[in-house]
Amino acid sequence: DSVKPSNFLRQIIERDLDQGTYAQRHWAGHPADAKAHQSAALDPARIRTRFPPEPNGYLHVGHAKSICLNFGLARDYGGVCHLRFDDTNPEKEETEYVDGIKDTVQWLGFSWDANGTRHLYQASDYFDFMYRAAEYLIEAGLAYVDEQSPEQMRANRGDFSRPGVDSPFRSRSIEENLRRFREMKEGKLPDGAAVLRAKIDMASPNINLRDPALYRIKHAEHHHTGNKWCIYPMYTYAHPIEDALENITHSICTLEFEDQRPFYDWLLDKLSEGGLINTPHPRQYEFARLNLTYVVTSKRKLKQLVDEGHVSGWDDPRMPTIVGLRRRGYTPESIQLFSERIGVSKANGWIDFSILEGALRDDLDGKAARAMAVLDPVKLVIENWGEVMGGDDVLDECSAPVHPHDESRGRRSFKFGREIWIERSDYEETPPKGFFRLFPGNKVRLKYGHVIECVGADRDASGAITQVRAKLVPDTKSGTPGADAIKVKGNITWVGVADGLKAEVRLYDRLFSVAQPDTGEKDFLEELNPESLKVVTAYLEPSLASSKPDEKFQFERHGYFVADRKEHLPSASRIFNRVAGLKDGWAK
Ligand code: ATP
Ligand code: MG
Ligand code: MG
C-alpha cells in the first residue's frame with residue numbers, strides 16, 4: 001500500500017485520534033432520529049465524516065473531490081462516512097436527483113454501509129428536532145420572530161463599514177415570540193411575512209453573526225415531508241444540527257463557509273448547554289473547492305446547459321457531471337486518482353483539465369485493450385497485390401497483442417488485403433519537412449502488416465483525394481524473417497476494407513473555449529466551445545465486433561475510446577466516444 005501524503009485534514013484527524021477528542025461522549029439522550037442514535041452506538045473512537053449533497057441536481061467533479069475526501073478519510077482512519085441528503089429546501093429538490101446521487105457515490109466506489117448499519121440520512125428527518133431546538137432557543141432568549149420587510153432587514157443588517165441596527169421586533173417577549181413562531185408553523189402567515197432569527201450581535205464584525213435567520217416561511221410541498229411543514233430551516237441553522245445529531249466528528253466543507261464557522265459553533269454550544277445535543281460536538285473544517293479549467297462546476301449553471309439544450313443531458317459526455325464523465329469513459333479509479341493527486345489545500349485555485357486526463361491515461365494504459373481505428377478514412381489500393389499474393393481477393397491474416405505489456409491477454413487478428421483504409425492525413429503529395437508517411441516514392445510500414453511504397457493518389461473534380469495508390473514490397477510482413485531488411489521511418493495504422501467495421505465516433509473536445517469560464521464579463525454561454533463535438537464515420541478493426549457498452553480501448557495512436565454506454569449496439573450501431581488523446585492534447 002502506498003503511503004498517502006499528509007495534509008492539514010489528516011493532521012487534525014490524527015491529532016484528535018491521539019488525544020481521544022471524541023472518545024468520551026456525553027449523551028444528551030435526545031429523541032432525535034432512531035437511525036442517528038443507532039449510528040452513535042458505534043465505537044466512539046472512530047471518526048465520522050459526511051457527504052451532504054442537496055438533491056437539486058446531478059453531482060459534478062467538484063463533488064467527486066468531496067466524496068473521495070470524506071469517504072476516503074473515513075476509510076483510511078477506520079471511521080464512517082455518512083451520505084446525507086441536505087433536503088431542507090423544498091422547491092428545488094427531486095427524487096430523481098436523490099437516486100442519481102446514490103448511484104454516483106456507489107459507482108465511485110464508496111459505500112455508506114459500515115458494520116451492518118446503513119449510514120444514509122436525510123436532513124428532513126430532523127425537522128421535528130430542529131423545530132424543538134428553535135423553540136428552545138426562543139425560550140432561552142436566543143431567538144426572536146422578526147417581521148420587518150426583507151428590504152428593511154437587509155438595510156438594518158449593515159455591512160462591513162457599519163454595524164447593523166436592531167430590529168424593532170428584537171425586544172419581543174419570549175411568550176410573544178413563541179406564539180408568533182407557532183403561528184408561522186401553523187400556516188397563519190404568508191411567505192416572507194416573518195423569519196425566526198438568532199439573537200446574537202447586530203454589531204458583530206462578522207455579518208453572519210448579525211442575528212442570522214433560522215427559519216423562513218415557505219408554503220411549498222417537500223418531496224419527502226409533503227405538506228407537513230410550511231416553515232423550513234435555513235441551511236446555516238440546519239447543517240450544524242444535522243452534523244450533531246449524526247455525531248459527525250469532522251464536518252468538512254468548502255472555504256465559502258469559513259465565515260459561517262462562528263455561527264456553527266455558537267449554535268452547537270447553545271444547544272449543548274441546553275442538553276439537546278451530544279458533546280463534544282462536531283467541528284467544521286474548510287478546504288478549497290475544486291475549480292477545473294474549461295468547465296463550470298455550479299449545479300445551477302450545469303442545469304441551465306441541460307435545460308436550454310446546449311448539451312444533450314446531464315450525462316452528455318462533455319459535462320463535468322459524474323454521469324457525464326462516466327459516459328465519456330472515465331473510470332471510478334481515474335477519478336479517485338485525480339482526487340488524490342490534486343490533494344486538499346486552503347487556497348482557492350484552478351486545476352488544469354489535463355490533470356484529470358492524465359489520471360485517466362494512467363488508469364487505462366494498463367487495462368485497455370488495443371485496437372486500430374481509422375477516424376478520417378481514405379482508401380489505399382495496393383496495385384500489385386494480386387500479382388504478388390496470387391490473386392486480388394487474397395486476404396493475409398495479421399495479428400497484434402491485445403495488450404503490449406501482457407501477452408497473457410492473447411492476440412487479436414485482422415486481414416490485410418488489396419484495399420486498406422488509412423488516415424487521410426497520412427498522405428501528402430508534397431511532404432512538409434519531417435513528414436515520413438505516404439508521399440510518392442516513399443516507403444512505410446502498415447503496422448503489423450507489410451511495407452508498401454506509395455505511387456500517388458487519384459483526385460475527383462474538386463481536387464479531393466479519392467484514393468491513394470501503392471505497391472507492396474514483397475517479403476516484408478511483420479514478424480517474418482527478414483521483414484526488417486528494408487528500413488522505413490513511417491509506421492502507420494490501418495484497417496482492412498474486407499473486414500473493417502463501420503462505426504460512429506464522437507470526438508469530444510473541451511466544453512468551453514476559455515480556461516476559466518464564467519469568471520469574466522462575458523455570459524458563460526458565449527464561452528461555449530462551438531467545436532466541442534465532432535462526429536465522424538470511422539473504420540475499426542474486427543476485434544471490436546464484440547465490444548460491449550462501456551468497454552474501453554486504446555485506439556492506437558489516437559487515444560482512449562469507450563463504447564457508448566447508452567447507444568452502442570455491437571452489431572447494429574457501433575458508437576464510440578473519445579475519452580482523451582494519448583498525450584496532453586490540451587496544451588497545443
Ligand atoms: P453547487 O454550488 O455546484 O450547487 P453545492 O455546494 O451547492 O454545489 P451541495 O450539494 O451542497 O452543492 O454540495 C455537497 C458537498 O459537495 C458540499 O459539502 C460541498 O462543499 C461539496 N462541493 C460542492 N462543490 C464542490 C467543489 N467544486 N469542490 C469541492 N467540493 C465541492
Ligand atoms: Mg449547497
Ligand atoms: Mg450551490
Checklist entry - Residues in the range 248-259 that are assigned to a helix (DSSP H, G or I) and either touching a Pro at 6+ places or on another chain (Cβ under 9 Å) or not charged (D, E, K, R) (or both): how many? => result 2
Checklist entry - Which of the following residues is buried (at least 17 other Cβ atoms within 10 Å of the Cβ), away from ligand 3 (no atom under 16 Å from the Cβ) and assigned by TED's automatic domain parsing to the domain that holds Ile200: Leu108, Leu83, Leu142, Leu69? => result Leu142
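A quick yes/no check of all residues on (1) over 19 Å from Ile241 (Cβ atoms); (2) within 16 Å of ligand 2 (Cβ to nearest atom):
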| residue | (1), (2) |
| --- | --- |
| Asp86 | no, yes |
| Gln106 | yes, no |
| Phe110 | yes, no |
| Gly116 | yes, no |
| Gln122 | no, yes |
| Tyr126 | no, no |
| Leu137 | no, no |
| Pro150 | yes, no |
Checklist entry - Which one of Leu302, Leu255 is of a type in the set (A, V, I, L, M, F, W, C), in the same structural domain as Asp103 (by TED's automatic domain parsing) and within 11 Å of ligand 1 (Cβ to nearest atom)? => result Leu255
Checklist entry - Has the range 213-220 got at least one residue that is touching a residue at least 40 places away in the same chain (Cβ under 8 Å), in the same structural domain as Trp112 (by TED's automatic domain parsing) and basic (Lys, Arg)? => result no
Checklist outcome for this item: Counting only residues in the range 536-572 that are touching a residue at least 60 places away in the same chain (Cβ under 8 Å) and in contact with an Asp or Glu (Cβ under 7 Å, 6 or more places away or on another chain), the one surrounded by the most Cβ atoms within 10 Å (Cβ to Cβ) is identified as Val562
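Conditions (1) touching a residue at least 24 places away in the same chain (Cβ under 8 Å); (2) within 16 Å of ligand 3 (Cβ to nearest atom); (3) in a helix (DSSP H, G or I), marked per residue:
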position	(1), (2), (3)
Arg261	yes, no, yes
Tyr264	yes, no, yes
Leu267	yes, no, yes
Lys270	yes, no, yes
Gly275	yes, no, no
Gln284	yes, no, no
Arg289	yes, yes, no
Val296	yes, yes, no
Item to check | Asp128 being more than 22 Å from the chain's Cα centre (by Cα), free of Cβ contacts under 8 Å to residues at least 24 places away in the same chain and either in a helix (DSSP H, G or I) or buried (at least 22 other Cβ atoms within 10 Å of the Cβ) (or both) | outcome: yes
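The values are calculated or read from the model by the stated rules, or taken from the named source; none is laboratory data. Remember, predicted model here, so these are calculated numbers, not experimental data. Backbone-built Cβ (ideal geometry, glycine too); neighbour counts: all protein chains shown.
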